[in-house]
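Okay, so here's the structure we're looking at.
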Amino acid sequence: MTARTRPIGSATRGTTNPNRLRRMDRWIAAAHAGMLRRAADPVAVDLGYGAAPWTAVELLGRLRTVRPDAEVVGVEIDPERVAAAKPYERAGLSFAHGGFEVPLPAGRRPLLIRAANVLRQYDEGEVAAVWARLCGRLAPGGLLVEGTCDEIGRRHVWVALGPEGPRTITFAARLGSLGAPSDLAERLPKALIHRNVPGEPVHAFLRDFDRAWAAFAPYGALSARQRWIRAVASLQADWPLMDGPVRWRQGEVTLRWDALAPGAKFSPVGGTSQR
């Protein structure tokens, strides 16, 4: 990016805390380890890392558990935040001024773009164009992960996209503090935050999840984890889950995106009526 080029996008509030994105990071490292291992150029972008560089530093450490030569570039639209992060640079970790154009040195394209709590301030109608722009910057076989979490990372929902568009959506929580799965509704990504209303599939999914959570309440005497695992397992009859008990034990569940996409007319696996 040249000095004359204006970054694309708007500055976020910049709120950040250590370990805020740990659930997303660990999911990326586990669910997409194969992508990381196969990549010719394992460079990831932490887009809109905020007023402090903690999330970029942590992302590098977690990716390197899978790929020791992984690199992370923190990208921020606020030049003062970039200047504040520069002292944290080291081998494999750098910071750059930019936005949705995702500035990298000539010839390099990111294997991974992580955009957490970035699109929250945008209008729902702007999301598709931002997704398309970011996916267009990915290296072949690359991944965009975009979502929202609370201030300390207890509740998080994210969408994973490839160059062709959205693939999956993941719900993740610290189970000990979860009242009901629908508590995650407040952390839905911008593409879904206004869609949690009757007639939309995300509303139907959270309704079914709450019912399953209530049905398996007796397992709460063993642990919240056991209650979550059994509630999630019961959803398999009606919803296209993409993971299994290994990830459920982490307080996660991942579904095909097309099942919850806005306006989707998804037919449950176990029935014929449309939600």
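Throughout, read-outs are computed from the coordinates displayed, never taken from laboratory work. Model, not experiment: these values are computed from the prediction. Because the Cβ atoms are built from the backbone with ideal geometry, glycine has one as well, and the counts that use them run over all protein chains shown.
Structure above, values below:
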item	result
The chain: calculated mean residue ellipticity at 222 nm from DSSP helix runs of at least 4, using -39500 (n - 2.57)	-8000 deg cm²/dmol
Karplus-derived HN-Hα couplings along region 141-148 (A = 6.51, B = -1.76, C = 1.60, θ = phi - 60°), whole Hz, x at Gly and Pro	x, x, 9, 10, 10, 10, x, 9
Length-normalised contact order for region 120-275 - Cα pairs under 8 Å, 6+ apart - percent	20 percent
Length released on extending from Lys86 to Arg225, taking residue separation times 0.36 nm less the Cα-Cα span	46.0 nm
FRET E, pair Arg38, Arg207, Förster distance 35 Å, beta-carbon r, rounded to 0.05	0.35
